[in-house]
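This report concerns only the one structure given below.
The values are calculated or read from the model by the stated rules, or taken from the named source; none is laboratory data. All values derive from a computational prediction rather than experimental measurement. No Cβ is skipped: glycine too gets one built from the backbone with ideal geometry, and neighbour counts run over all protein chains shown. Note: areas computed on protein heavy atoms with side chains; ligands, DNA, RNA excluded. Shrake-Rupley method; radii C 1.70, N 1.55, O 1.52, S 1.80 Å.
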Amino acid sequence: MTLHERIAELDRIRRDVLDGPSEKATSAQHAKGKLTARERIELLLDPESFREVEQLRRHRATGFGLEAKKPYTDGVITGWGTVEGRTVFVYAHDFRIFGGALGEAHATKIHKIMDMAIAAGAPLVSLNDGAGARIQEGVSALAGYGGIFQRNTKASGVIPQISVMLGPCAGGAAYSPALTDFVFMVRETSQMFITGPDVVKAVTGEEITQNGLGGADVHAETSGVCHFAYDDEETCIAEVRYLLSLLPRNNREAPPAAPSADPADRRCERLRDLVPLDGSRPYDMREVIAHIVDDGEHMEVHERWATSVITTLARLGGQVTGIVASQPSSLAGVLDIHSSEKAARFVQLCDAFSIPLVTLVDVPGFLPGVDQEHGGIIRHGAKLLYAYCNATVPRVQVILRKAYGGAYIVMDSRSIGADLSLAWPANEIAVMGAEGAANVVFRRRIQAADDPDAMRRQLVKEYKAELMHPYYAAERGLVDDVIDPADTRSALIASLAMLRTKHADLPTRKHGNPPM
């Protein structure tokens, strides 16, 4: 056979690989409302940028009929390309081949592309659509998952890792997405669970559907496993591209800056009226954020889980910024078990990838209750405290209204290391609300008064005037400046620009021991 004939043979093989196992298998994939692995990669990466690795890899397993079926790629497509011109590594399960199940060769391909991503210092995106371990290959498949988990952990905080769930993900396979930075899911077609509905029914007697047990909405609203949920694959993958545009390639680089036509000195006059002076009246903090950030655009992480706190990525003056904000329209903006955990992981993510932090505070405290105490609110609240205290990125706190008790400290107060603390003229920083404080401090005077209610009102007023006026914290150096709400955007941009060259070192240690 001549070289030209060899090349022609190679071209035929490549065409067959690109076409997939069969038209029937492709049609079956489309009939489920799902794209093929290659179609997904085309949506994710810039046109003509994908470079495939180990396209001709085949498994070498025998038994159970495997020796008669050795398709190229072994059910996973691996390689790299670009997103908006920046290198991104990707692997995508091909459900048409062995149901995307993971065997030894399949796993080895994933291990290699993960190692390449870590070495190159570039993000890794996994497009997950697999049936779990390839049972016919036994423990070799399980060892393959172990190698993936080990590399997920090695890459954590080094390169961004994004898991896109586009089909089933059951058993041990679900732990890889849980180890990554972000999890995307598509409604109706993607599910994640450790034990499926059949096992649940056999063990507990509970009957539930796959989506009811581990669908996108369940994980976006109830478990918190999923950060983003969308109705279709096209939208989901487009949002992955947008997220990548906000993240650095690795922990040694700054997040990508982008020119902004939104003036840095734009005044936000609407903020003067948007936030009610009465601390008991709710409002939507998302509107505040939209007025402050460039062009009103931000990408909220965990939008539907633990909704009393908002965590979102945005740009301020063209620079990527992480925003943690109380949400007074949900549980009055209290911190509870889930919101503390949600904010803590977001703070850790931003710190790992050099994304400055802005914390917008309007918090009445931690949520009281037996369930919260027994559920470990102390331990979970400490996670957020630990994350902020450990963060070395630029940190600016803005107190809009209430900032009471331990929640004030935990929401990046000056005392735990915020570089700057700004406050609006409506700020109330105190151990607790005036009503509760008066009941404690002046309990005997109130009880002895001829008119206890009138005395309580008088003492509440006195307490507010003495200890909760807008300049009390500023007079003691715990707030750096009290600003006009309309100047919030310009003050934040100027502060973050000043802090851009901040350098802070932590004590030498192998690693900390954060609360779990």
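Annotations
- Test: residue in the stretch 35-57 that is closer than 24 Å to Tyr145 by Cβ, in a helix (DSSP H, G or I) and without any contact (Cβ under 8 Å) to a residue 40 or more places away in the chain: no
- Breaking point among (1) open to solvent by 40 Å² or more (accessible area, probe 1.4 Å); (2) within 21 Å of Phe193 (Cβ to Cβ); (3) out of contact with any strand residue (DSSP E or B) (no Cβ under 9 Å at 6 or more places or on another chain), for Gly85: (2)
- Selected residue (only one of His298, His291 is of a type outside the set (Asp, Glu), in contact (Cβ under 8 Å) with a residue 12 or more places away in the chain, in contact with a strand residue (DSSP E or B) (Cβ under 7 Å, 6 or more places away or on another chain) and crowded, with 16+ Cβ neighbours inside 10 Å): His298
- Looking across the stretch 243-263 at every residue that is more than 24 Å from Glu341 (Cβ to Cβ), of a type in the set (A, V, I, L, M) and not in a helix (DSSP H, G or I), the one that is most open to solvent (accessible area, probe 1.4 Å) is identified as Ala261.
- Among the helices (runs of 4 or more DSSP H) confined to the stretch 360-436, the ones with at least 2 residues that are more than 20 Å from the chain's Cα centre (by Cα), at pLDDT 95 or above and surrounded by fewer than 22 Cβ atoms within 10 Å (Cβ to Cβ) are located at 370-374, 377-390.
- Answer from Ser330, Ser413, Ser421 - the residue that is free of Cβ contacts under 8 Å to residues at least 24 places away in the same chain, in contact with a strand residue (DSSP E or B) (Cβ under 9 Å, 6 or more places away or on another chain) and closer than 25 Å to Arg489 by Cα: Ser330
- The listed residue being touching a strand residue (DSSP E or B) at 6+ places or on another chain (Cβ under 9 Å) and open to solvent by 10 Å² or more (accessible area, probe 1.4 Å), out of Thr195, Thr222: Thr195
- Checking each residue in the stretch 195-242 for being of a type in the set (A, V, I, L, M) and assigned to a helix (DSSP H, G or I) picks out Val199, Val200, Ala202, Val203, Leu213, Ala216, Val218, Ala220, Ile237, Ala238, Val240.
- Positions within the stretch 13-34 being touching a residue at least 12 places away in the same chain (Cβ under 8 Å) and surrounded by fewer than 14 Cβ atoms within 10 Å (Cβ to Cβ), in sequence order: Ile13, Asp16, Leu18, Ser22, Ala28, Lys32, Gly33
- Test result for Glu303, in a helix (DSSP H, G or I), open to solvent by 40 Å² or more (accessible area, probe 1.4 Å) and modelled with pLDDT of 95 or more: no
- Every pair of residues 6+ apart whose Cβ atoms lie under 8 Å, when the first sits in the stretch 490-502 and is under 13 Å from Ala418 (Cβ atoms) while the second is surrounded by fewer than 15 Cβ atoms within 10 Å (Cβ to Cβ): Lys502/Thr392
- Only one of the numbered conditions (1) under 25 Å from Val139 (Cβ atoms); (2) of a type in the set (D, E, K, R); (3) touching a residue at least 60 places away in the same chain (Cβ under 8 Å); (4) touching a Phe, Trp or Tyr at 6+ places or on another chain (Cβ under 9 Å) is violated by Asp94, and that is (4).
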